[in-house]
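First the structure, in the form of structure tokens, and then the observations on it.
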Amino acid sequence: MTSTVAVIGLGAMGLPMATRLAERFDVRGFDIAAERMALAAEKGVTPADSAADAVADAQAVLVAVRTGEQLNGLLFGKTGLASHLADGAVVILTSTVGTDGIADIAERLAEHSAELVDAPLSGGPVRAGEGDLLIVVGATAAALEIARPVLEQLASTLSIVGDKPGDGQALKTVNQLLCGVHIAAAAEALALADALGLDREKTLEALTAGAANSFMLGNRGPRALQAYDEDGAEVLSRLDIFVKDMGIVGNAARAAHLSTPVANAAEQLFLLGEAQGLGARDDSAVIRVIAPERLS
């Protein structure tokens with residue numbers, strides 16, 4: 001039975017996930033930022049002196065990093081965690097890093113008597129803290145049995161999409177294609193409404209009540225309208241995350257010899273936003289690439 005969980009990476013997603021898990025499990029957390037460690041301690045997470053200390057005797061190790069390179073460094077670098085994992089532990093990868101190298105990571109973990117659970121998630125920090133995430137999973141039956149209680153504590157929708165690591169990343173890549181395109185399309189539509197002299201709030205209200213609505217329009221639309229404010233919208237999902245994710249989409253499509261012109265166009269908007277200094281802004285700020293200034 002899974003009782004001890006380590007969470008490595010207490011950032012925008014890692015901290016609310018650790019907090020949510022602490023409601024049910026003994027959770028040890030580690031982050032290189034002292035302020036994140038202090039916040040975790042306030043929320044019932046036991047701070048560890050090092051990542052190695054955090055994973056000692058933990059049946060499940062939840063990893064929240066940004067890239068595949070960071071994942072490799074964390075597990076197999078100079079102070080790699082792989083050699084500190086308990087026998088039979090599972091490493092739960094919650095990040096979107098793409099399929100490249102995932103099979104190799106799983107093989108290298110097996111040499112340390114551990115298994116990889118490929119479980120990228122979607123939903124944002126608020127939903128993470130509420131246990132309302134969508135998590136798509138690729139893992140062996142044995143690894144999933146250990147990880148399932150952890151995943152169920154975090155997810156309102158848990159979709160087992162394959163029986164090997166990499167399957168979760170593949171489905172999440174498809175998911176991010178749609179999310180990135182929908183964010184860009186929502187921004188373009190609202191920019192057009194503004195250019196036509198329509199009331200922005202009334203336009204958004206009408207669109208979300210009809211067939212043109214999407215989750216991203218309803219979720220990002222209000223924040224897109226705040227993108228022109230001095231401080232912009234509250235950052236719930238950074239624009240540069242979609243630079244990364246749409247890059248993963250493009251790489252996967254090219255590897256499959258598949259043309260994705262709509263996704264490519266959306267990727268260019270996020271890249272332009274990053275180039276214009278909007279990378280740390282909420283991803284809804286992509287509207288400022290399409291229309292740098294409000295027109296009405």
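Of all DSSP bridge pairs formed entirely within the stretch 116-242, close to 35 percent run antiparallel. Full extension of the chain between residue 157 and residue 264 yields a length gain of 35.7 nm, computed as 0.36 nm times the residue separation minus the alpha carbon distance.
Which FRET efficiency value, to the nearest 0.05, do you get for residue 42 and residue 192 by plugging their Cβ-Cβ distance into 1/(1 + (r/R0)^6) with R0 = 41 Å? Here the calculated transfer efficiency is 0.35.
For the stretch 62-142, the fraction of 1.4 Å probe accessible surface lying on carbon and sulfur atoms is 49 percent.
The Cα atoms of the stretch 234-284 give a gyration tensor whose axes a ≥ b ≥ c have a/c of 1.5 or more with a/b greater than b/c, which makes the shape prolate. Counting only protein heavy atoms and a 1.4 Å probe, the stretch 198-296 has 53 square angstrom of accessible area per residue. Label-to-label distance, residue 130 versus residue 275, with points set 7 angstrom from Cα along the beta-carbon direction: 3.8 nm. Across the accessible surface of the stretch 165-268, with the other protein chains kept in place and a 1.4 Å probe, carbon and sulfur atoms take up 59 percent. From largest to smallest, the equivalent ellipsoid semi-axes obtained for the chain from the alpha-carbon gyration tensor read 36, 21, 17 Å. Between residue 205 and residue 100, full extension at 0.36 nm per residue minus the direct alpha carbon distance yields a gain of 33.7 nm.
Between the amide H of residue 29 and those of 7, 46, 48, distances stay under 5 Å, these residues lying 5 or more places away or on another chain, with hydrogens modeled in the peptide plane. The distance between label points at residue 49 and residue 174 comes to 4.7 nm (points 7 Å beyond Cα on the Cα→Cβ vector). Once the chain from residue 79 to residue 33 is taken as fully extended at 0.36 nm per residue, the excess over their C-alpha distance is 14.8 nm. Put simply, the stretch 129-206 fits an ellipsoid with semi-axes of 38, 15, 6 Å; these come from the alpha carbon gyration tensor as the roots of five times its eigenvalues, largest first. The helix-based estimate of mean residue ellipticity at 222 nm for the chain, built from -39,500 (n - 2.57) per DSSP H run of four or more residues and divided by its residue count, is -15000 deg cm²/dmol to the nearest 500. Cross-link pairs exceeding 31 Å in C-alpha to C-alpha distance, out of 164/244; 172/202; 43/172, comprise 172/202.
The values are calculated or read from the model by the stated rules, or taken from the named source; none is laboratory data. Just so we're clear, the structure is a prediction, and the values are computed from it rather than from any experiment. All Cβ positions, glycine included, derive from the backbone under ideal geometry; neighbour counts span all protein chains shown. Just the protein is used for accessible areas: all its heavy atoms, side chains included, with ligands, DNA and RNA removed. Shrake-Rupley method; radii C 1.70, N 1.55, O 1.52, S 1.80 Å.
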